[in-house]
Amino acid sequence: MNLDNNSDLDPLDEQISEQLLERQVQRLIEVQTYLRWMFDGFLWLTVGTASLWAMRSDIELWIASFTWAAVRMSLIFHRLPFLGLGICVAMTLSTLVWQSSIILWGINQRERRSLINQVKKIQAKGKSHPLWRWVCEEKL
């Protein structure tokens with residue numbers, strides 16, 4: 001009879017552990033989202049600001065009279081600042097598309113398996129993992 005009680009608890013324990021794993025996967029997605037936006041902000045504050053500063057005279061010209069020829073000449077003579085702005089815009093757009101796809105369509109199975117594996121690695125490493133506090137630690 002004692003064996004029956006243990007077998008009744010196993011599916012319940014399994015369901016609870018699956019729910020816990022699902023919450024931890026959701027937390028990992030939130031942490032990844034915050035980290036992506038923080039990286040984008042860091043890029044704009046460093047590379048983006050430096051690129052805009054290097055192009056300040058060209059931007060004044062564009063404000064006075066915008067022409068595509070002026071943009072083309074700026075691109076020819078200021079390739080590095082354009083590259084910096086392109087990286088900032090590309091990273092911001094990639095974060096927007098990534099977050100929008102998660103909101104609209106959810107996580108696909110391959111990405112979900114990858115996130116579950118990441119959560120299991122965090123759990124295996126324990127409190128020494130940098131993301132443990134945000135992903136696995138239960139808040140009371």
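The values are calculated or read from the model by the stated rules, or taken from the named source; none is laboratory data. Given the structure is predicted, the values throughout are model-derived calculations rather than measurements. Neighbour counts are summed over all protein chains in view; Cβ atoms, including those assigned to glycine, are modelled from backbone coordinates with ideal geometry.
Can you give me the number of residues within the stretch 88-99 that are of a type in the set (Val, Ile, Thr) and closer than 13 Å to residue 52 by Cβ?
Qualifying residue count for the region: 1.
Yes or no: residue 91 in contact with a Pro (Cβ under 6 Å, 6 or more places away or on another chain) and either surrounded by 12 or more Cβ atoms within 10 Å (Cβ to Cβ) or closer than 21 Å to residue 19 by Cα (or both)?
On the way: in contact with a Pro (Cβ under 6 Å, 6 or more places away or on another chain): no; either surrounded by 12 or more Cβ atoms within 10 Å (Cβ to Cβ) or closer than 21 Å to residue 19 by Cα (or both): yes.
For residue 91, the condition - in contact with a Pro (Cβ under 6 Å, 6 or more places away or on another chain) and either surrounded by 12 or more Cβ atoms within 10 Å (Cβ to Cβ) or closer than 21 Å to residue 19 by Cα (or both) - is not met.
One line per residue, one yes/no per condition, for (1) at pLDDT below 90; (2) on the phi < 0 side of the Ramachandran plot; (3) touching a His at 6+ places or on another chain (Cβ under 9 Å):
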| site | (1), (2), (3) |
| --- | --- |
| 36 | no, yes, no |
| 71 | yes, yes, no |
| 121 | no, yes, yes |
| 140 | yes, yes, no |
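Those residues that are surrounded by 12 or more Cβ atoms within 10 Å (Cβ to Cβ), assigned to a helix (DSSP H, G or I) and either out of contact with any helix residue (DSSP H, G or I) (no Cβ under 8 Å at 6 or more places or on another chain) or in contact (Cβ under 8 Å) with a residue 24 or more places away in the chain (or both), I need them from the stretch 43-62; list them, please.
Result: 43, 44, 46, 47, 48, 49, 50, 51, 52, 54.
When you look at residue 32, is it surrounded by 14 or more Cβ atoms within 10 Å (Cβ to Cβ), without any contact (Cβ under 8 Å) to a residue 12 or more places away in the chain and part of a helix (DSSP H, G or I), yes or no?
Working: surrounded by 14 or more Cβ atoms within 10 Å (Cβ to Cβ): yes; without any contact (Cβ under 8 Å) to a residue 12 or more places away in the chain: yes; part of a helix (DSSP H, G or I): yes.
Criteria met by residue 32.
Has the stretch 104-120 got at least one residue that is surrounded by 14 or more Cβ atoms within 10 Å (Cβ to Cβ), in contact with a Cys (Cβ under 9 Å, 6 or more places away or on another chain) and either hydroxyl-bearing (Ser, Thr, Tyr) or part of a helix (DSSP H, G or I) (or both)?
Within the stretch 104-120 (the criterion being surrounded by 14 or more Cβ atoms within 10 Å (Cβ to Cβ), in contact with a Cys (Cβ under 9 Å, 6 or more places away or on another chain) and either hydroxyl-bearing (Ser, Thr, Tyr) or part of a helix (DSSP H, G or I) (or both)), the answer is yes, since at least one residue qualifies.
Tell me, please, whether a residue that is in a helix (DSSP H, G or I), among the aliphatic types (A, V, I, L, M), under 21 Å from residue 31 (Cα atoms) and in contact (Cβ under 8 Å) with a residue 24 or more places away in the chain can be found in the stretch 74-92.
The answer is yes, given that some residue of the stretch 74-92 is in a helix (DSSP H, G or I), among the aliphatic types (A, V, I, L, M), under 21 Å from residue 31 (Cα atoms) and in contact (Cβ under 8 Å) with a residue 24 or more places away in the chain.
Name the single residue, out of those in the stretch 63-76 being hydrophobic (A, V, I, L, M, F, W, C) and surrounded by 11 or more Cβ atoms within 10 Å (Cβ to Cβ), that is nearest to residue 91 (Cα to Cα).
75
If the Cβ limit is 6 Å and pairs must be 6+ apart or interchain, which residue in the stretch 109-135 that is in contact (Cβ under 8 Å) with a residue 40 or more places away in the chain and over 12 Å from residue 25 (Cβ atoms) pairs with which residue that is in a helix (DSSP H, G or I) and of a type in the set (D, E, K, R)?
Qualifying pairs under 6 Å: none.
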